[in-house]
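What follows is calculated from the coordinates using simple rules that are stated; it is not laboratory data. Please read all numbers here as calculations on a predicted model, not as lab measurements. Glycine gets a Cβ as well: all are built from the backbone with ideal geometry, and neighbour counts include every protein chain shown.
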Amino acid sequence: MNTVHIPASTPYDVQIGPGLLALLGAVIGETCPKATRCLLVTDDAAGPLWAPKALESLEKTGLAAAVYTLPHGEASKTADSLVKLLNSAASEHFTRSDVFLALGGGMVGDLTGFAAACYMRGVAYIQLPTTLLAAIDSSVGGKTAVDLPAGKNLMGAFWQPRAVLCDTDTLSTLPAADFLSGCAEVIKTAILFDPELFAQLEREGADFDRPALIARCVAHKRDIVAEDERDTGRRALLNLGHTLGHTVEAQSDFALTHGQAVAIGTAVVCRAAAKYGFCAPEVPARVDALLEKFGLPTHTDYPLDGLMERMLSDKKRAGGTVSVIVPEAIGRCAIRPMDRAALHDFMKAGL
């Protein structure tokens, strides 16, 4: 088992390895000692596969549980779903000493974390990611949110989990396309911080040691969260590919997965960066080739004019500018604020 300690305002450990759902009851006893009941939030994809294992662990340690199941997919990550979940917790008489559990991918984790932040002004929660993308990104760092019609993650809160249990056995049931979609965030991490990891992915493709790679990516995120927990500075780097990515994801009515959209966004900004002279021409060539090696898209046919308004509604906007993460080399990126005209021209160069 790999363990990465996150030194946030509420410190916690991310444990990574096979069979960890069996330890859930014990982890709750250590991190939430006053809890007697759990609200296990999951979706109709992960729940049937992994909720029985989690519930078995809770039962063995004397913890009562209720299960709340959402339809899978981004369409469930709404304010309406949030209110329904909170009403369910209230009707089941959950108290501030109880604990919410997020069993699933990024949608489940984001929604459950935000519900935990809101319910009775804050209850403990534990992340149980079942997708690669959730394991390396959304389950760590305390960002919780739901989507609004104007854009993704526009209503949310910073609320750190008490623990993250990443049972890598759950990845075995992911469809291949979903696993490869999660690899977009692995590639993003390599472009940001880790040229050696990028070269490893070029050599090995998706044939990597899953627990070790997840731990490596989480360690990079730990360093950023420790420095900038509230996302007012360098944590913005983690948005590489997301300004355009969130936009094309929404424009597709979520037919594109988050990972596919981030892949497109990353490829576009790399191509634009090379055309603007911010990075060498080899950077977008290597990035495009690696994304394609993982079966991820690198282009979109959506016209730029139709994408601009959504990009300008992005939560990363500050005043009249949007912060765009621009590669300078594999392993090094910069934050560049752009106004509307500059953003339009930059994205046009990459598209």
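So the values come out like this:
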| quantity | calculated |
| --- | --- |
| Mean ellipticity per residue at 222 nm, deg cm²/dmol - from DSSP H runs of n ≥ 4 across the chain, formula -39500 (n - 2.57) | -14000 deg cm²/dmol |
| Projected-area mean, the chain, by convex hull of Cα positions, square nanometres | 15.6 |
| Contour excess over end-to-end distance, with Cα ends at Asp223 and Ala22 and 0.36 nm allotted per residue | 69.5 nm |
| Gain upon complete extension [Asp169, Thr61; 0.36 nm per residue less C-alpha separation] | 36.7 nm |
| Sites Ala199 and Asp301 - FRET efficiency at Förster radius 30 Å, r taken between beta-carbons, to 0.05 | 0.45 |
| Mean Cα-pair separation over length for the stretch 2-173, i.e. relative contact order, pairs under 8 Å, 6 or more apart, % | 27 |
| Förster radius 45 Å - calculated FRET efficiency between Ser252 and Asp13 (Cβ-Cβ, nearest 0.05) | 0.80 |
| Mean shadow area of the stretch 213-287, taken as a quarter of the surface of its Cα convex hull (nm²) | 6.3 |
| Convex hull volume per residue for the stretch 20-127, taking Cα atoms only, in Å³ | 83 |
| Asp209-Ala280 pseudo-label distance in nm [points 7 Å out on the Cα-to-Cβ vector] | 2.9 |
| Cα-projected label distance for Glu292 with Ala150, points at 7 Å along beta-carbon direction, nm | 3.9 |
| Extension gain from Ala349 to Thr78, taking 0.36 nm per residue of separation minus the Cα-Cα distance | 94.2 nm |
| Sites Glu309 and Ala177, calculated FRET efficiency, Cβ-Cβ separation with R0 25 Å, nearest 0.05 | 0.25 |
